[in-house]
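Step one of this worksheet: look at the structure below.
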Amino acid sequence: MKIFLKERAEELVRIYFEKANTAEIRAVLPQKAKTVEEALEDYGQTLLPGAASYGRTIWLDQSYIGDIWCYGIHMEKEPDAMISYCIFEEAFWGNGIATEAVAIFLQEISEKFQIETVGAFTFLDNVASIRVLEKNGFERKEVFEEAGRISSYFQKE
């Protein structure tokens, strides 16, 4: 099995929106876009010069299985960016794919945007996501409650 990242495209944004719009995924990953049109608008913003967000698609061999992105690039002194990721194909959960995709993506954004400090939020009960972050060198910095959910903020120097 080979894991690699590819460019995002409008057709893939549509697929991602449909595949990630399940109760199981929404329970662990809040979705900003409520419609496919909003998702496409957000994607369009990433293509503009000086965009503060950047995303890639996650592939396992020849299968598109998820997305990974960073946002808030250099908008604050620290962190340099925030990351988020989603493997939408449940058959591949728990196989280390997200861990490897995050490692690849961190290297890429470090080189592309000179990012040194990366942050990430996850719900405290999302044990799989916490493991992905910790395996990639993130440390828990804060635990807080927001909208009735206990969340954690992680950061990688």
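Brief remarks on what is shown
- Scanning segment 66-92 for residues that are hydrophobic (A, V, I, L, M, F, W, C) and surrounded by fewer than 15 Cβ atoms within 10 Å (Cβ to Cβ) yields Met75, Ala91.
- Any hit, segment 49-56, residues being within 21 Å of Ile25 (Cα to Cα), charged (D, E, K, R) and modelled with pLDDT of 95 or more: yes
- The residues in segment 104-156 that are in contact with a Ser or Thr (Cβ under 9 Å, 6 or more places away or on another chain), among the small types (Gly, Ala, Ser) and open to solvent by 100 Å² or more (accessible area, probe 1.4 Å) can be counted, and the count is 0.
- Of the helices (runs of 4 or more DSSP H) that lie entirely inside segment 5-104, those containing 2 or more residues that are among the polar types (S, T, N, Q) span 36-46.
- Among residues of segment 81-103 that are closer than 17 Å to Thr122 by Cβ, those with a beta-carbon under 6 Å from a residue that is open to solvent by 50 Å² or more (accessible area, probe 1.4 Å) and part of a helix (DSSP H, G or I) at least six positions away or on a different chain give the pairs Phe88/Lys19; Thr99/Lys135.
- When segment 122-149 is filtered for residues that are outside any strand (DSSP E or B) and either among the β-branched types (Val, Ile, Thr) or touching a residue at least 24 places away in the same chain (Cβ under 8 Å) (or both), the ones remaining, listed by number, are Leu124, Asp125, Asn126, Val127, Ala128, Ser129, Ile130, Arg131, Val132, Leu133, Lys135, Asn136.
The values are calculated or read from the model by the stated rules, or taken from the named source; none is laboratory data. Given the structure is predicted, the values throughout are model-derived calculations rather than measurements. Here Cβ is always computed from backbone atoms with ideal geometry, including for glycine, and neighbour counts include all displayed protein chains. Heavy atoms of the whole protein, side chains included, go into the accessibility calculation; ligands, DNA and RNA do not. Shrake-Rupley method; radii C 1.70, N 1.55, O 1.52, S 1.80 Å.
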